[in-house]
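Peer 1: What follows is a single structure, and I will ask about it in a moment.
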Amino acid sequence: MSKENLHAQRQKRALNIVWTAAGRYDFRPAFLSFYADGEPDLYLNSIVGLVHRHYDAEKLTAYLRDTLDKSLLGELFTELLWLGMESAAYEKELPARPVLADLRRYHAELFLREDVDLSFQQLMMRQELAHNLKCARCREILGGKPELLNPWDRKLYKSLQFTGQMSTDEIIAAMEGIIKHFFRFHWYGAPRKVLHFSLSPRLKALLHRILPLHSHYGEDFAAGVLLPVSGENVSAEKSFWPGAKVGKRSEAELARLYGEPLFSQERLSAIEGKLCRGIHRHAQLWFTGEAGKQQSENWDFFQQQQIWFRTELRELTRRLQNALLVHRQPMELPARSGRLAPGRVWRGVKLQDSRVFTAAEKVSYADFSVMLLLDASDSRQGRQMVIATQAYLLAEALGKAGIRLAAASFFSQGGCTILRLLKGFDDSSSQGIFAYKAQGWNRDGLALRAVPELWGEIPGRKLLFILTDADPSDEQPIPAEGLGTGNIYGGLSAREDAAQGVKYLKEQGFAVMALINSVISAELATEAAGKIYGSGYIHLQDLSHMASKVGDMLEMEIFSHNG
């Protein structure tokens with residue numbers, strides 16, 4: 001398994017732990033916890049979910065955003081609050097889930113063991129006060145003493161023993177009391193350019209902007225980026241609490257992140273109203289015509305493959321042109337002049353029909369159009385250069401054969417599926433394809449249903465050629481129905497939804513074919529592709545035999561409409 005896939009799998013496992021503990025799948029946690037080796041921390045991720053299950057996430061979000069985040073020691077206070085919340089959530093859930101005791105002990109053992117193995121750089125980066133209190137908690141869990149020598153530390157540690165009987169309001173009040181008692185100067189108010197106060201050496205050390213031991217995943221979590229805690233102010237749209245629902249992002253934010261919209265807000269709302277239903281009812285859509293900057297690694301790889309590219313381009317172009325020439329043979333149509341058709345003479349005598357001749361008329365295929373759709377999920381990073389080159393070859397060959405063509409990529413982040421136009425139907429150049437970039441997740445079922453919007457009012461036959469790994473997966477879960485729990489968008493359920501997306505297109509007259517390029521075994525990829533695309537796919541891992549395999553597939557599609 002590639003590094004990218006392993007990272008994505010660990011993220012999904014961590015999310016599943018949180019959602020299972022919460023008993024809900026309709027939220028995106030702002031925090032996830034991992035051990036030093038990258039494996040998800042089962043206990044702490046369970047605590048994240050239990051906090052969402054038992055406490056008022058909206059109140060806690062507001063408290064973190066409007067109070068703690070404005071504090072000079074906001075990072076420290078957040079860690080202290082979590083230490084208290086861990087104690088409360090554990091005590092509250094333990095009677096119903098006794099296995100938590102074993103998970104807690106295992107977590108404590110591993111935490112202390114990793115603490116021994118920390119490098120000098122890691123020691124310099126951690127929150128020393130919070131870390132000391134965490135170590136004290138872990139020692140106590142294992143039956144030992146907290147071993148805090150400083151009386152001030154011992155009092156603070158004792159005050160963070162929140163109980164399972166405490167409500168959300170009581171927890172917030174307890175945290176406020178801790179801040180006022182142990183951190184006596186004024187922390188809140190509008191940001192200032194200069195702060196004047198005197199601090200003890202212990203508190204001075206806390207002013208350095210440093211990383212916590214367990215990193216946080218912020219808004220860029222969907223792209224698989226591990227973010228450290230930063231001291232910058234964050235917009236109110238960011239979720240500061242695990243389990244707080246992340247609302248739909250504004251048009252201004254989406255435009256800033258992904259490019260200016262292709263459609264008006266009114267039209268986009270109408271599209272979302274039509275497509276964001278059922279299992280996609282919590283999702284958003286965004287269409288942009290900004291391809292972005294060319295990815296240098298795509299272009300460099302393409303330049304290295306010039307000999308192969310020219311050979312395959314000539315062969316694929318020749319096959320397409322020949323297929324179209326055969327398909328465009330003149331049709332014999334009834335006419336009043338031309339070549340006499342003996343079989344129609346009787347119509348002139350009996351029916352006074354003067355069309356007893358035939359005339360050759362070529363069929364126009366100006367209405368035949370193709371769109372290349374590139375799966376741009378993060379799992380494609382290891383194949384990005386190959387996919388971009390494959391797509392460019394297809395675009396150039398189809399263009400030389402006189403077929404109208406467009407290209408787009410799709411991915412999802414933060415619950416929004418983005419479709420990015422890399423080449424429009426009226427663009428003469430296909431080099432925008434080299435701006436293709438792998439990022440985020442892939443909600444295939446929704447993206448497939450949205451494809452017709454990119455075609456617009458272009459009439460005639462339409463062929464969608466999708467380059468994908470046939471492995472749809474998204475952080476935005478499938479919403480729960482009734483009192484049940486939802487499921488992660490992935491695996492069989494996601495493949496079934498993608499298959500429904502293909503069916504939706506075919507019912508509207510679109511032909512759909514797929515080029516499968518996957519890092520998983522051919523057997524598994526073939527099984528998934530068959531589930532989604534039926535027989536309409538080919539498995540092509542590299543650049544070899546493209547003209548032969550793709551040519552066969554496209555010829556089959558062309559001749560399927562002949563006669």
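Peer 1: Show me the strands (runs of 3 or more DSSP E) found entirely inside region 403-493 where at least 2 residues are modelled with pLDDT of 90 or more. Let's see the steps before the verdict.
Peer 2: Numbers: elements: 404-413, 416-423, 462-468, 474-478, 487-489.
Those strands (runs of 3 or more DSSP E) span 404-413, 416-423, 462-468.
Peer 1: When you go through Leu213, Leu160, Leu148 one by one, which is the residue that is surrounded by 17 or more Cβ atoms within 10 Å (Cβ to Cβ) and either acidic (Asp, Glu) or at pLDDT 90 or above (or both)? Break it down into steps so the answer makes sense when it comes.
Peer 2: Values: Leu213 fails: either acidic (Asp, Glu) or at pLDDT 90 or above (or both); Leu148 fails: either acidic (Asp, Glu) or at pLDDT 90 or above (or both).
Unique residue meeting the criteria: Leu160.
Peer 1: Please indicate, with yes or no, whether at least one residue in region 30-49 is in a helix (DSSP H, G or I) and at pLDDT below 85. Give the steps one after another, and end with the answer.
Peer 2: So the first thing to find is which residues in region 30-49 are in a helix (DSSP H, G or I), and the list is 42-49.
Among the residues that remain, those that are also at pLDDT below 85 are: none.
No, because not a single residue in region 30-49 is in a helix (DSSP H, G or I) and at pLDDT below 85.
Peer 1: Within region 93-115, can you find the residues that are in a helix (DSSP H, G or I) and open to solvent by 80 Å² or more (accessible area, probe 1.4 Å)? Walk me through it before giving the result.
Peer 2: First, pick out the residues of region 93-115 that are in a helix (DSSP H, G or I): 93, 99-115.
Scanning region 93-115 gives Asp102, Arg105, Tyr106, Glu109, Arg113.
Peer 1: Going by what's in this entry, would Lys462 be described as over 25 Å from Val18 (Cβ atoms), surrounded by fewer than 23 Cβ atoms within 10 Å (Cβ to Cβ) and without any contact (Cβ under 8 Å) to a residue 40 or more places away in the chain? Don't jump to the end; show me each part of the working.
Peer 2: Details: over 25 Å from Val18 (Cβ atoms): yes; surrounded by fewer than 23 Cβ atoms within 10 Å (Cβ to Cβ): yes; without any contact (Cβ under 8 Å) to a residue 40 or more places away in the chain: no.
In short, no.
Peer 1: Could you grab me the full set of residues in region 8-28 that are open to solvent by 10 Å² or more (accessible area, probe 1.4 Å), part of a helix (DSSP H, G or I) and more than 17 Å from Ser473 (Cα to Cα)?
Peer 2: Thr20
Peer 1: Consider region 500-509. How many of its residues are part of a helix (DSSP H, G or I) and open to solvent by 20 Å² or more (accessible area, probe 1.4 Å)?
Peer 2: Summing the residues that are part of a helix (DSSP H, G or I) and open to solvent by 20 Å² or more (accessible area, probe 1.4 Å) in region 500-509 gives 5.
Peer 1: Considering only residues of region 510-543 that are free of Cβ contacts under 8 Å to residues at least 40 places away in the same chain and among the β-branched types (Val, Ile, Thr), which is surrounded by the most Cβ atoms within 10 Å (Cβ to Cβ)?
Peer 2: Looking at residues that are free of Cβ contacts under 8 Å to residues at least 40 places away in the same chain and among the β-branched types (Val, Ile, Thr), I get Ile538.
Peer 1: How many residues does region 252-280 hold that are under 18 Å from Ala450 (Cα atoms) and touching a strand residue (DSSP E or B) at 6+ places or on another chain (Cβ under 8 Å)?
Peer 2: Looking only at that region, the number is 13.
Peer 1: Do the conditions hold for Ser71, that is, is it hydroxyl-bearing (Ser, Thr, Tyr), at pLDDT below 80, in the same structural domain as Arg154 (by the TED database) and surrounded by 16 or more Cβ atoms within 10 Å (Cβ to Cβ)? Let's see the steps before the verdict.
Peer 2: Numbers: hydroxyl-bearing (Ser, Thr, Tyr): yes; at pLDDT below 80: yes; in the same structural domain as Arg154 (by the TED database): yes; surrounded by 16 or more Cβ atoms within 10 Å (Cβ to Cβ): yes.
Yes.
Peer 1: Quick one: in region 413-442, of everything that is in contact with a helix residue (DSSP H, G or I) (Cβ under 7 Å, 6 or more places away or on another chain) and among the hydroxyl-bearing types (Ser, Thr, Tyr), which residue is surrounded by the fewest Cβ atoms within 10 Å (Cβ to Cβ)?
Peer 2: Ser430
The values are calculated or read from the model by the stated rules, or taken from the named source; none is laboratory data. As the structure is a computational prediction, the values presented were derived from the model and not from experiment. Cβ sites come from the backbone with ideal geometry, for glycine too, and all protein chains shown count toward neighbours. These accessible areas exclude ligands, DNA and RNA; they are computed on the full protein's heavy atoms, side chains included. Shrake-Rupley method; radii C 1.70, N 1.55, O 1.52, S 1.80 Å.
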